[in-house]
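Student: Before I ask anything, here is the structure I am working with.
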Amino acid sequence: MTTLRQYNENTPQYFFYKDMHQKQSLDFVIKKKKQYSNLNNIQMNIHKALSLMDTFVDPSDPDLDVPNSIHAYQTAERIRKKNPENKQLQLTGLIHDLGKVLFNFGEENWSVVGDTFLLGYPFPKSIVYYETMKNNPDYNKYTNNGIYEVNCGLDKLNISFGHDEYLYQVLLQNKDKHKLDSKYWDIIRFHSFYPWHTGNDYHQFMNESDKNILQDVLYFNQFDLYSKEDDTEINDNVKQYYNDLLKEYFPNTLQW
Ligand code: FE
Ligand code: FE
């Protein structure tokens, strides 16, 4: 079996995370969340966003060397095999990375992709390439629970900015225009938050409902991981199946 998520030094991933860890400070995150809070970038349907992924290969992922649109269909198909009745979870697989359209708005790699981490709080060792966090302007700035209260809820946290938070905002602010339940927006919002969902850090900030989110994210995550041995074929029938799902759940143009 292939070993996934191996992060070695002096690889493209190392230099990507070094950049990200130097530049994603609390000030930066607050600024980006504000900049994208009113979604005045473009009007398009989800289908158009999916087609924009045809030319994009994620530079932060050591396992992925196919365009993101293929990753989208493969994630959805892996979910469909195990959950043939759960159309909303399949759709979540299909759209979970569409926040990467941030690239089209001029955002750099390090504010679009990669594992996310919490700002306004000490950096835990579960962060990938933790040693590069020493270049962060907020390194050693916070102690104990930092700027947060215990049990404040994940929603209150300032997590490094990227495609997770951005697509969550798109789904939230366009909620009258699509039929995907909010449970699935939360999976999308925290799917890259590895120090939390896999590293078991930051759990003191969770409230009761966040415990369900954690279970949902962990269940989803196994389908998001790419395997080169994966022979999931994306043919026209598969694409038609998802076309129909998109028409049913996302019939309208969205504000991005
Ligand atoms: Fe992602
Ligand atoms: Fe993904």
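Student: Want the number for Lys177 to Leu225: 0.36 nm per residue separation, take away the alpha-carbon distance, what's left?
Tutor: 14.3 nm
Student: Report the equivalent ellipsoid semi-axes for the stretch 77-151 in whole Å, largest first, defined as the square roots of five times the eigenvalues of the gyration tensor built from alpha carbon atoms.
Tutor: 33, 18, 12
Student: Which ³J(HN,Hα) values in Hz, rounded to whole numbers, follow from the phi angles of the stretch 35-51 under the Karplus curve 6.51 cos²θ - 1.76 cosθ + 1.60, where θ = phi - 60° and Gly and Pro get x?
Tutor: 4, 9, 5, 9, 6, 10, 9, 6, 9, 7, 8, 4, 4, 5, 4, 5, 5
Student: Taking Cα centroids, how far is the stretch 79-125 from the stretch 148-210 in Å?
Tutor: What the calculation gives is 10 Å, centre to centre.
Student: What spacing in nm lies between the two simple spin-label points modelled at Glu108 and Gln204, each 7 Å away from Cα in the Cβ direction?
Tutor: 3.3
Student: Using a cut-off of 18 Å between alpha-carbon atoms, which lysines can reach Lys33, once sequence neighbours fewer than 8 places away in the same chain are excluded?
Tutor: Cα-Cα hits under 18 Å: Lys23, Lys100, Lys156.
Student: Sticking with this structure for a sec: Label 7 Å along Cα→Cβ of Asn151; the stretch 183-222 residues with amide nitrogen under 15 Å?
Tutor: From the stretch 183-222, the list is 203-211.
Student: For the stretch 102-256, what is the convex hull (Cα atoms) projected area averaged across all directions, in square nanometres?
Tutor: 11.3
Student: Rounded to whole Å and ordered largest first, report the semi-axes of the equivalent ellipsoid of the stretch 184-237 derived from its Cα gyration tensor (root of 5λ).
Tutor: 28, 13, 7
Student: Under 14 Å from the 7 Å Cα→Cβ point of Gln88, by amide nitrogen: which residues of the stretch 222-256?
Tutor: 249-250
Student: For the stretch 167-256, compute Rh as the Kirkwood radius over C-alpha pairs and then the Stokes-Einstein diffusion coefficient at 25 °C and 0.890 mPa s; write the answer in µm²/s, rounded to an integer.
Tutor: 160
Student: Tell me which GluC sites (Glu not before Pro) from the stretch 74-113 have a DSSP coil assignment and no more than 13 other beta carbons within 10 Å of their own.
Tutor: Hits after loop and neighbour filter: Glu85, Glu108.
Student: What is the Cα convex hull volume of the stretch 40-181 when expressed per residue in Å³?
Tutor: Looking at the stretch 40-181, the number lands at 158 Å³ per residue.
Coordinate-derived values only; no laboratory data. Everything quoted here is computed from the prediction, not taken from an experiment. In this analysis, Cβ positions are derived from the backbone assuming ideal geometry, glycine residues included, and neighbour counts consider all displayed protein chains.
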